[in-house]
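Asks: Here it is, the structure, as structure tokens.
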Amino acid sequence: MVNIRVALAQLNPTVGALQSNLDAIIGAYTQAVELQCGIVAYGELSVTGYPPEDLLLKPRFIRDQRVALDEFAAMTTSTVAVVGFIDSDEATLYNAAAICANGSVRHIYRKRRLPNYGVFDEVRYFEPGHEPLAPLLIGGVPVGVTICEDMWSTSGPQVELVERGARLIININGSPYHLDKDIEREHMISERARALNVPIVYVNQVGGQDELVFDGGSFAVDATGMVVARCPQFTTDLLVCDMSCNDASPAPDGCIDLQLEPLPLTDAVTPLLAAPLDGDAELYEALVLGTRDYCTKNGFSDVVIGLSGGIDSTLVACVAVDALGPGHVHGVAMPSRYSSDHSLSDAHSLAGNLGIDIQTISIEPAFSAYMDMLTNAFEGREPGLTWENVQSRCRGQILMALSNELGWMVLTTGNKSEMAVGYFTIYGDSVGGYAVIKDLLKLKVYDLCRHVNAAAGAEIVPEHVLTKPPSAELRPDQRDDQSLPPYEVLDPILAMYVEQDRTATEIIEAGYPSEIVNRITRLVDIAEYKRRQSPPGVRVTQKAFGKDRRMPITNGYR
């Protein structure tokens, strides 16, 4: 057996921020050299950030990111860096990994398998690599390099690399989060290691990028598939581990010899094996990271939230405080003639528990003015849904006025259940910059509020918020279950229709009442135009509104 020390650089790049990404890459490399690492591996497209989307259509961007890569390569020493970047051949682009050492780019690997499903759209931009595969001889160890999707196929390029003599596989990734994705990754990589009888190093990026959040969770497995090192989720890290590989002397024919001597290892390292998060703790941290990065990477230090005293705005406020700190979160209570006393008291109790400021701005003067202005136009018509929506739009205008004047980003508070069936007011409670819980069904909102209290060991979320019936409070004695089925019925139907792509007929055949199913699926379909106008938000399921689910607005299929 021969050992090689590998550093897993789990970084948080920003798409398009070439200089700051380069600074982070260099910082991790410097640490890896000090720790006597033979290899340091970064995430997929670590120079540009992932996914760069239509920045890839700008020739100047492609040239600039190559300049950044070459600047980094020029300062490398005998520690090999595996860095994700965009390779180009005239007008053709490749998702690639640069192998840098001793002052230059020594080799380039181009990704073979391009994902084109879910949130991935790589076929739009890249061509797959097709050059002959060969392991790289690094410090006496033949190493195969692959990129993300390459490993998800049992017949991916790693098979040929091992057949050609690779004794270690490095896989660099930009793998977005959804609940329990870390379990899927580790299971898959462990299977590949056992099948090929080689250790595998899996490096993933971390951070929020628009709707996507990357959880990191980079790890290494030995040739038996056992996880021997693991980075924590949702935070940057440099994980160092000594990988034991089968002896490959003499070097197999066909290896590309980088002519690098093995670095002397004075002391063995004991790698970190971070405990993975699960369930509600994992979901909550994804929301926090996604919110923090969306705000800070877009230049917002402060946020404002309409605090209604309800469960949704409560969870959004908790996430915002953990993302940005209580001094950067501002609550606004906006009562109307229909607001209950407990709405105000619950909102103020929450603000006190979180340590955030809260102000009260009544919408009654604006609402009354609207009623006066529209009385003649609505003459002879009974008050109805329009007046409910006017109240919501009054609140939206107040929040946007505060945002414009004070530079605070508005965080919207709608959940996935409401967004699915259109139970929100367009240009009202849907206005804002970021929708923190847009991918959480209502019942999961309750679960995460209970998690907040359990994690704090204290009543951060007032008990009354958890137990009172949910209500928009836009008419006297209003409750959600007057307009919608109970969430215990609604959420499973939505999960099947929205996330699992089941038809109404199939859901009815699964045992749900036909009247309810037909009504709910129709509401989902006709609300598509409203959802298209809602802000982005954290993706935490396998099918979120936005990048994942792309249904036509004009759609005659029922």
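Asks: Of the conditions (1) surrounded by fewer than 16 Cβ atoms within 10 Å (Cβ to Cβ); (2) part of a loop (DSSP other than H, G, I, E, B), ARG112 satisfies every one except a single condition; which number is it?
Replies: That leaves (1) as the condition not met.
Asks: Going residue by residue through region 284-292, is there one that turns out to be buried (at least 19 other Cβ atoms within 10 Å of the Cβ), modelled with pLDDT of 95 or more and more than 24 Å from VAL410 (Cα to Cα)? Write out each step before concluding.
Replies: Of all residues in region 284-292, those buried (at least 19 other Cβ atoms within 10 Å of the Cβ) come to 284-292.
Restricting the remaining residues to those that are modelled with pLDDT of 95 or more gives 284-292.
With the extra rule that they be more than 24 Å from VAL410 (Cα to Cα), the set shrinks to none.
Within region 284-292 (the criterion being buried (at least 19 other Cβ atoms within 10 Å of the Cβ), modelled with pLDDT of 95 or more and more than 24 Å from VAL410 (Cα to Cα)), the answer is no, since none of the residues qualifies.
Asks: Assess whether ALA435 counts as being assigned by TED's automatic domain parsing to the domain that holds HIS330, without any contact (Cβ under 8 Å) to a residue 12 or more places away in the chain and of a type in the set (Gly, Ala, Ser).
Replies: Working: assigned by TED's automatic domain parsing to the domain that holds HIS330: yes; without any contact (Cβ under 8 Å) to a residue 12 or more places away in the chain: no; of a type in the set (Gly, Ala, Ser): yes.
Spelling it out, it is not the case that ALA435 is assigned by TED's automatic domain parsing to the domain that holds HIS330, without any contact (Cβ under 8 Å) to a residue 12 or more places away in the chain and of a type in the set (Gly, Ala, Ser).
Asks: Considering every residue within region 30-38, establish whether at least one is among the polar types (S, T, N, Q), part of a loop (DSSP other than H, G, I, E, B), over 29 Å from the mean Cα position of the chain (by Cα) and within 28 Å of ASP257 (Cα to Cα). Reasoning before the result, please.
Replies: At the first step, the residues of region 30-38 found to be among the polar types (S, T, N, Q) are 30-31, 36.
From what's left, part of a loop (DSSP other than H, G, I, E, B): 36.
Checking the rest, the ones that are also over 29 Å from the mean Cα position of the chain (by Cα) come to 36.
In the following step, the residues that additionally are within 28 Å of ASP257 (Cα to Cα) were identified as 36.
Yes, the conditions are met somewhere in region 30-38.
Asks: Something else about it: Tell me whether region 487-496 contains one or more residues that are touching a residue at least 60 places away in the same chain (Cβ under 8 Å) and over 21 Å from SER308 (Cβ atoms). Don't jump to the end; show me each part of the working.
Replies: The initial filter retains those residues of region 487-496 that are touching a residue at least 60 places away in the same chain (Cβ under 8 Å), namely 487, 490-491, 494.
Next, only the ones that are over 21 Å from SER308 (Cβ atoms) stay: 494.
Among the residues of region 487-496, at least one is touching a residue at least 60 places away in the same chain (Cβ under 8 Å) and over 21 Å from SER308 (Cβ atoms), which makes the answer yes.
Asks: Which ones in region 498-530 are in contact with a helix residue (DSSP H, G or I) (Cβ under 6 Å, 6 or more places away or on another chain) and touching a residue at least 60 places away in the same chain (Cβ under 8 Å)?
Replies: Within region 498-530, VAL498, ILE520, LEU523, VAL524 qualify.
Asks: Sticking with this structure for a sec: Kindly indicate the residue of region 411-450 that is among the hydrophobic types (A, V, I, L, M, F, W, C) and part of a helix (DSSP H, G or I) and also surrounded by the most Cβ atoms within 10 Å (Cβ to Cβ) among those meeting that condition.
Replies: Within region 411-450, the subset among the hydrophobic types (A, V, I, L, M, F, W, C) is 411, 419-421, 424, 426, 431, 435-437, 440-441, 443, 445, 448-449.
Pick out the ones that are also part of a helix (DSSP H, G or I) and you get 419-421, 443, 445, 448-449.
Numbers: MET419: 28, ALA420: 26, VAL421: 24, LEU443: 15, VAL445: 23, LEU448: 21, CYS449: 22.
Residue satisfying both the conditions and the ranking: MET419.
Asks: Is it the case that SER155 is more than 25 Å from the chain's Cα centre (by Cα), of a type in the set (Gly, Ala, Ser) and surrounded by fewer than 20 Cβ atoms within 10 Å (Cβ to Cβ)?
Replies: Numbers: more than 25 Å from the chain's Cα centre (by Cα): yes; of a type in the set (Gly, Ala, Ser): yes; surrounded by fewer than 20 Cβ atoms within 10 Å (Cβ to Cβ): yes.
For SER155, the condition - more than 25 Å from the chain's Cα centre (by Cα), of a type in the set (Gly, Ala, Ser) and surrounded by fewer than 20 Cβ atoms within 10 Å (Cβ to Cβ) - is met.
Asks: All but one of (1) buried (at least 19 other Cβ atoms within 10 Å of the Cβ); (2) of a type in the set (D, E, K, R); (3) under 30 Å from GLY433 (Cβ atoms) hold for ASP280; state the number of the condition that does not hold.
Replies: (1)
Asks: Continuing with this model, one more query. Mind listing whichever residues of region 1-50 are charged (D, E, K, R) and surrounded by fewer than 17 Cβ atoms within 10 Å (Cβ to Cβ)?
Replies: Pass one, region 1-50, residues charged (D, E, K, R): 5, 23, 34, 44.
If the condition is that a residue be charged (D, E, K, R) and surrounded by fewer than 17 Cβ atoms within 10 Å (Cβ to Cβ), then ASP23, GLU34 are the ones that fit.
Asks: Checking the structure you have, find out if any residue of region 354-376 is more than 31 Å from the chain's Cα centre (by Cα), more than 19 Å from HIS451 (Cβ to Cβ) and crowded, with 20+ Cβ neighbours inside 10 Å. Walk me through how you get there before you give the answer.
Replies: To start, the set of residues in region 354-376 that are more than 31 Å from the chain's Cα centre (by Cα) comprises 359-376.
If we keep only those that are more than 19 Å from HIS451 (Cβ to Cβ) as well, we get 359-376.
Now drop any that are not crowded, with 20+ Cβ neighbours inside 10 Å, which leaves 363.
Yes, region 354-376 has at least one match.
Okay, residues lined up against (1) in contact (Cβ under 8 Å) with a residue 24 or more places away in the chain; (2) basic (Lys, Arg); (3) within 14 Å of LYS530 (Cβ to Cβ); (4) assigned by TED's automatic domain parsing to the domain that holds SER368:
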{"position": "GLU379", "(1), (2), (3), (4)": "no, no, no, yes"}
{"position": "GLU382", "(1), (2), (3), (4)": "no, no, no, yes"}
{"position": "ARG395", "(1), (2), (3), (4)": "yes, yes, no, yes"}
{"position": "MET400", "(1), (2), (3), (4)": "yes, no, no, yes"}
{"position": "ASN415", "(1), (2), (3), (4)": "yes, no, no, yes"}
{"position": "MET419", "(1), (2), (3), (4)": "yes, no, yes, yes"}
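Asks: Restricting to region 129-152, count the residues that are buried (at least 16 other Cβ atoms within 10 Å of the Cβ), free of Cβ contacts under 8 Å to residues at least 60 places away in the same chain and in a loop (DSSP other than H, G, I, E, B).
Replies: Adding up the residues that qualify gives 2.
The values are calculated or read from the model by the stated rules, or taken from the named source; none is laboratory data. Just so we're clear, the structure is a prediction, and the values are computed from it rather than from any experiment. Neighbour counts run over all protein chains shown; Cβ positions are idealised from the backbone, glycine included.
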